[in-house]
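The next block holds one structure in the form of structure tokens; read it before the comments.
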Amino acid sequence: MKITPLKNGVFSFVTTDGCTARCSHCLMNCTPNKKNKLQFEQMQKCIDQVVKDYDVKMIVFTGGESTLLGEDLFRTIRYCTLKFLKTRLVTNAFWASSLESAQRYIEKFRSVGLTEINFSVDDYHEPFVPLENIRNAWQ
């Protein structure tokens, strides 16, 4: 595994090339048809290495749609929290289709120590993820 030296103390995982959207501007070329994804053990090993070798302060989870990792994402965020690392999740909030669903996810993110959440929302995402989802997640 090759790790590029870090700048500004931030290390990012491109967790998956799978996504719930088909945005034409996606630089990662992620789609619902792609299924490659990182596993907890891979991310854990990488976190250990970057913490040892670099001045890492934050781990970012992006993709594709990182929440497609399921429990591996939550386990990895928890692992970062236990190592006193800040964490950021970039998500399109497809999982927030109702206030109840949004609440369940947000509570789970909080319980594992997620520090920051960024919502991917713009005119390109809207055909695939309703703005209502972003509102639910925000609330």
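The values are calculated or read from the model by the stated rules, or taken from the named source; none is laboratory data. Owing to the predicted nature of the structure, the values given are computational and were not obtained by experimental measurement. Virtual Cβ from ideal backbone geometry, glycine too; neighbours counted across all protein chains shown. When the accessible area is computed, the model is the full protein with side chains, heavy atoms only, and any ligands, DNA or RNA have been set aside. Shrake-Rupley method; radii C 1.70, N 1.55, O 1.52, S 1.80 Å.
Determine whether T91 is within 26 Å of E41 (Cβ to Cβ), in contact with a Ser or Thr (Cβ under 8 Å, 6 or more places away or on another chain) and open to solvent by 30 Å² or more (accessible area, probe 1.4 Å). Show your work before the answer.
Numbers: within 26 Å of E41 (Cβ to Cβ): yes; in contact with a Ser or Thr (Cβ under 8 Å, 6 or more places away or on another chain): yes; open to solvent by 30 Å² or more (accessible area, probe 1.4 Å): no.
Spelling it out, it is not the case that T91 is within 26 Å of E41 (Cβ to Cβ), in contact with a Ser or Thr (Cβ under 8 Å, 6 or more places away or on another chain) and open to solvent by 30 Å² or more (accessible area, probe 1.4 Å).
Out of the residues in the range 94-119 that are small (G, A, S) and free of Cβ contacts under 8 Å to residues at least 40 places away in the same chain, state the one that is most open to solvent (accessible area, probe 1.4 Å).
In this case the residue turns out to be S97.
Here's a check for you: in the range 33-82, which residue that is among the basic types (K, R) and touching a strand residue (DSSP E or B) at 6+ places or on another chain (Cβ under 9 Å) is surrounded by the fewest Cβ atoms within 10 Å (Cβ to Cβ)?
Initial filter on the range 33-82 (among the basic types (K, R)): 34-35, 37, 45, 52, 57, 75, 78.
Checking which are touching a strand residue (DSSP E or B) at 6+ places or on another chain (Cβ under 9 Å) leaves us with 34-35, 37, 57.
On the way: K34: 15, K35: 10, K37: 20, K57: 14.
Checking each candidate, the answer is K35.
Looking at (1) part of a helix (DSSP H, G or I); (2) modelled with pLDDT under 95; (3) of a type in the set (F, W, Y), can you tell me which one F109 breaks?
Single failed check for F109: (2).
Can you find a residue that is among the basic types (K, R), touching a helix residue (DSSP H, G or I) at 6+ places or on another chain (Cβ under 8 Å), at pLDDT 90 or above and not in a strand (DSSP E or B) anywhere in the range 76-85? Walk me through how you get there before you give the answer.
Within the range 76-85, the subset among the basic types (K, R) is 78, 83.
Still in the list and also touching a helix residue (DSSP H, G or I) at 6+ places or on another chain (Cβ under 8 Å): 78, 83.
Now restrict to residues that are at pLDDT 90 or above: 78, 83.
Now narrow it down to the ones that are not in a strand (DSSP E or B): 78, 83.
Checked against the condition, which is being among the basic types (K, R), touching a helix residue (DSSP H, G or I) at 6+ places or on another chain (Cβ under 8 Å), at pLDDT 90 or above and not in a strand (DSSP E or B), the range 76-85 yields at least one hit.
Restricting the range 120-129 to residues that are surrounded by 12 or more Cβ atoms within 10 Å (Cβ to Cβ) and farther than 15 Å from T62 by Cβ, which is nearest to the chain's Cα centre (by Cα)?
Looking at residues that are surrounded by 12 or more Cβ atoms within 10 Å (Cβ to Cβ) and farther than 15 Å from T62 by Cβ, I get V129.
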